[in-house]
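The values are calculated or read from the model by the stated rules, or taken from the named source; none is laboratory data. In this text the structure is predicted, and so the values were computed from the model without any measurement. All Cβ positions, even for glycine, are placed from backbone atoms using ideal geometry, and neighbour counts span all protein chains on display. Just the protein is used for accessible areas: all its heavy atoms, side chains included, with ligands, DNA and RNA removed. Shrake-Rupley method; radii C 1.70, N 1.55, O 1.52, S 1.80 Å.
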Amino acid sequence: MSTLLQPKLEVRRAEDRAKTDIGWLDSKHSFSFGHHWDPNNVHHGLLLVNNDDIVTPGMGFETHPHRDMEIVTWVLTGSLVHQDSTGHSGVIYPGLAQRMSAGTGILHSEKNDSWRLGGEQHDEPVHFVQMWVVPDENGVDPGYEQLEIDGELLSGGLIPVASGMPQHADAAAIRIRNRYAALHAARLAPGQSVTLPEAPYLHLFVPRGSVELEGAGVLAPGDAVRFTATGGQRVTAGTEPAEILVWEMHATLAS
């Protein structure tokens, strides 16, 4: 597929994202979302949503439906309580990978109120990134999976977080229902580097810290880069620790 594409690298700055600020929620959208509609910004590869969310204590998203979507949630700070109509519930925290397959239909809620499940009440906002990719096949049974990968992240390398790609079948990653997509994450110490994979489509997001991307310069928190028919660039943390999220995608949605 990549031989039919023209190599392209497009930097998207944090301040150019659409924003939803309703008091308890501060959300920034890398792609069209809700009433923030731009027909020229609906996806990159298989990735439809990359929302950078901060939710105040005691608040969150009430029960709402999803269908035919693979939803991956990555918490940066704080904790997020997940509950869904298949009976799954739990607390998502930094270093815990979580995936929900909406399939034929699922209801779920996400709130910053972990004290309801035990422990003391807290006043810490939760900061997380939620990402949606399309599944290989519609109409499958809903599903849920979570996995602790904090230990793997200590290596500082680019670690598979969520993948449907066959080569990650034995890796420490949750499974998503798309064999052409994988999410990688890295926690970088100051000055540390990783090399991006090569794929027809890549999406690099910097949720915290700043990094330098080979050939493109410095990326600040909230910046993103969309790669087409390219990859292999080095990403290097600046003078502070940084974290990156990278979607590797070997297919795209039909235009």
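Listed by position, the strands (runs of 3 or more DSSP E) enclosed by region 150-255 that each have at least 2 residues that are of a type outside the set (A, V, I, L, M), open to solvent by 10 Å² or more (accessible area, probe 1.4 Å) and more than 26 Å from ASP26 (Cα to Cα) are 193-195, 198-208, 224-231, 234-237.
Scan region 62-70 and give yes if some residue there is open to solvent by less than 20 Å² (accessible area, probe 1.4 Å), assigned to a strand (DSSP E or B) and either modelled with pLDDT under 95 or of a type in the set (Val, Ile, Thr) (or both), otherwise no. No, because not a single residue in region 62-70 is open to solvent by less than 20 Å² (accessible area, probe 1.4 Å), assigned to a strand (DSSP E or B) and either modelled with pLDDT under 95 or of a type in the set (Val, Ile, Thr) (or both). Criterion applied to ARG175, ARG226, ARG234 was being of a type outside the set (Val, Ile, Thr), in contact (Cβ under 8 Å) with a residue 60 or more places away in the chain and in contact with an Asp or Glu (Cβ under 6 Å, 6 or more places away or on another chain), and the one residue passing it is ARG226. Screening ALA169 with (1) in contact (Cβ under 8 Å) with a residue 12 or more places away in the chain; (2) farther than 24 Å from PRO94 by Cβ; (3) of a type outside the set (S, T, N, Q) gives one miss only, at (1). Out of region 28-73, which residues are basic (Lys, Arg) and touching a residue at least 40 places away in the same chain (Cβ under 8 Å)? Hit for region 28-73 is LYS28, nothing else.
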